[in-house]
Amino acid sequence: MSSVISVNNLRKSYGANEAVAGIDLNIEAGEIFALLGPNGAGKTTTVEILEGFRSRTSGTVSVLGIDPDIKGQAARKWRNRIGIVLQSTSDAGDLSVSETIRHFSKYYSNPRNVEEVITAVGLDEKESALIRTLSGGQRRRLDVALGIIGSPELLFLDEPTTGFDPEARRAFWSLIKTLRDSGTTIVLTTHYLDEAEALADRVAVINRGKIMEISTPSLLGGRSTSLATVTWLDGLILKSEQTDNPTALVCKLSELFENEIPELTVKRSSLEDVYLEMIGGADGEK
Amino acid sequence: MEKNKVPSAISIGIARGNLEIKQFMRQRESVVFTLAFPIMLLAIFGSVFTNELTDGVTFSQYFVAGMIASGLVNTGFQQLAIMIPVERDFGTLKRLRGTPMPASSYFIGKVIVVFVTMLIQVILLLIAGVLFFGVNLPTDPIKWLTFTWIILLGSGASTALGIAFSVIPKSGRGASAVVSPVVIILQFFSGVFFVFTDLPAWMQQVAAIFPLKWMTQGMRSVFLPDSFAAQEVAGSWETGRTFIIISLWLVVGLILSIRTFKWEQDR
């Protein structure tokens, strides 16, 4: 495996305030990598440095083998290989979906087929609709279409499903997985932990400008070995017990009730529980 | 490595020009306003001031020269200095920055949309002037040559200065309030609404620093008889000086716009 992004001791200060305080990161080709962290943790600053939108104070950064802090023709060649889906753009929207996507396809050396991209993001029925008539979720899918039209090797997604209904989110997740399966490396920032869990191969938690942990969603914060909570209904009372051996407890209960255990659940700590514990409540907030 | 050859800045610029024209034409209110407003002004001023300035030179004739010069400033400078901060606020510029599209293509697109809207505006104004307000068009080809270079140089300078000025408004919402007074004051000072030589000397001197006064004077040299040149401040049309000053402003505008252009509002 080769690193698509490698970051070494990255720092960014604004005056006395160190927004990014020494970050090391390696993102491999073909993975979906999620960055989690509260507002003001340095998540956006880090991603914007990777995207070439901001300069850094110190450290080394390589994205697709190039330092993003470049200009001119070299920057154009580099951007030709990257797709960026930013947070909300709110143009006047006097162009149609297909006009906009077709126009953006002219920026790239090797654009994807416009019709295929429209189908991929599920906007077939809205192809000739003006952008200002689209719903929030449809607009977001257009944003993604514009991010992938240049057939990028690397795609940045910033809060991609904000404002989606549950069905649209599921559809969107499967689109992102399809992109990953076709070889695109994806860097995702999100506030939704279920989204990170459903999509990401690995997650990094950033707080106060530093990386707390990098792991797979199922192993983050020792989730897999943490105590499980077993709950069941005993008569009219809901009972619960924490254990590191839930299977044994369930077997014991099974004997006790002779067949079905009423209202049985076995729950491991969720990604959200682990995450909240890691960032220590809300003190990472600005 | 054909595969990695990004499209040229010029071809992307032309694509942007087409797109911007399409967008402009779809905003009906602004199309009507941009194209009809100069004609309305001509109708108002032409009806209020019916006197002749000298033999055979009506105020309408004088005013048409000023309105064409103003059109260069309105479609270029004013339009861009208001629209670009709006595009910056909307995140349109940041999105473009994330693509292989270079800033030069964005500028080329703006030059194209300004030139096309300006041309339509001027043609409609001249047609209305000739049909309804007794405006006479020049017959001398030399005058049309002057007309052409003032239009080209003037809209270029106006576009460049509009992009340069677009860094000044702090938000898209407030842009109009910052930009419009600058344009209106410049129009009064430059002899668009009044006969330039009737203005106080200090106003004339302030106006002489800025390009609109020279575009207006240049357009008068096209639309007024040569005998009128004696009535100008310098007693002549000062064609050479007009060329030099508008060119200088074009260069200043280009340098400033390339140096100071902002894709995002500073935080």
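The values are calculated or read from the model by the stated rules, or taken from the named source; none is laboratory data. Remember, predicted model here, so these are calculated numbers, not experimental data. A quick note on method: Cβ atoms are made from the backbone with ideal geometry, for glycine too, and the neighbour counts reach across all protein chains shown.
Picking from A:SER98, A:SER62, which residue would you name as being more than 9 Å from every other protein chain (Cβ to nearest Cβ), among the polar types (S, T, N, Q), at negative phi and in a strand (DSSP E or B)?
A:SER62 is the lone residue from the list that is more than 9 Å from every other protein chain (Cβ to nearest Cβ), among the polar types (S, T, N, Q), at negative phi and in a strand (DSSP E or B).
Report yes if some residue within region A:95-103 is farther than 16 Å from A:GLN138 by Cβ and modelled with pLDDT of 95 or more; otherwise report no. Within region A:95-103, one or more residues are farther than 16 Å from A:GLN138 by Cβ and modelled with pLDDT of 95 or more.
Hey, among the residues in region A:67-80 that are crowded, with 22+ Cβ neighbours inside 10 Å and either among the polar types (S, T, N, Q) or more than 7 Å from every other protein chain (Cβ to nearest Cβ) (or both), which one's farthest from A:LEU142 (Cα to Cα)? This residue is A:PRO68. Determine whether B:ILE209 is among the β-branched types (Val, Ile, Thr), closer than 26 Å to B:ILE84 by Cβ and surrounded by fewer than 17 Cβ atoms within 10 Å (Cβ to Cβ). In short, yes. Selection of helices (runs of 4 or more DSSP H) fully inside region A:173-279 by the criterion of at least 2 residues being of a type in the set (Phe, Trp, Tyr) returns nothing.
B:VAL116 meets each of the listed conditions (1) touching a strand residue (DSSP E or B) at 6+ places or on another chain (Cβ under 8 Å); (2) within 19 Å of B:LEU250 (Cα to Cα) apart from (1). Consider region B:41-74 and keep the residues that are of a type outside the set (Asp, Glu) and part of a loop (DSSP other than H, G, I, E, B). The one that is surrounded by the fewest Cβ atoms within 10 Å (Cβ to Cβ) is B:ASN51.
Out of all the residues in region B:238-263, which are assigned to a loop (DSSP other than H, G, I, E, B) and over 15 Å from B:TRP149 (Cα atoms)?
B:PHE261, B:LYS262, B:TRP263
Working carefully through the options A:GLY52, A:GLY83, find the one that is in a strand (DSSP E or B) and under 20 Å from the mean Cα position of the chain (by Cα). When all the criteria are applied, what remains is A:GLY83. Among residues of region A:208-242 being under 24 Å from A:GLU48 (Cα atoms) and in contact with a Lys or Arg (Cβ under 9 Å, 6 or more places away or on another chain), the one that is surrounded by the fewest Cβ atoms within 10 Å (Cβ to Cβ) is A:THR216.
Conditions tested, residue by residue: (1) under 23 Å from B:PRO102 (Cα atoms); (2) touching a residue at least 24 places away in the same chain (Cβ under 8 Å); (3) in contact with a strand residue (DSSP E or B) (Cβ under 6 Å, 6 or more places away or on another chain); (4) not assigned by TED's automatic domain parsing to the domain that holds A:ASP194.
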| position | (1), (2), (3), (4) |
| --- | --- |
| A:ARG102 | yes, no, no, no |
| A:GLU115 | no, no, no, no |
| A:ASP124 | no, no, no, no |
| A:GLN138 | no, no, no, no |
| A:ARG169 | no, yes, no, no |
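Yes/no per residue for (1) at positive phi; (2) in a helix (DSSP H, G or I):
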| residue | (1), (2) |
| --- | --- |
| A:SER128 | no, no |
| A:GLY137 | no, yes |
| A:LEU142 | no, yes |
| A:SER151 | yes, no |
| A:LEU157 | no, no |
| A:THR161 | no, no |
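Within the set B:GLY191, B:GLY156, B:GLY235, B:GLY218, the sole residue that is at positive phi and touching a helix residue (DSSP H, G or I) at 6+ places or on another chain (Cβ under 6 Å) turns out to be B:GLY191. From the list B:VAL222, B:VAL130, B:VAL167, B:VAL135, the one residue that fits, being within 20 Å of B:LEU53 (Cβ to Cβ) and assigned to a loop (DSSP other than H, G, I, E, B), is B:VAL135.
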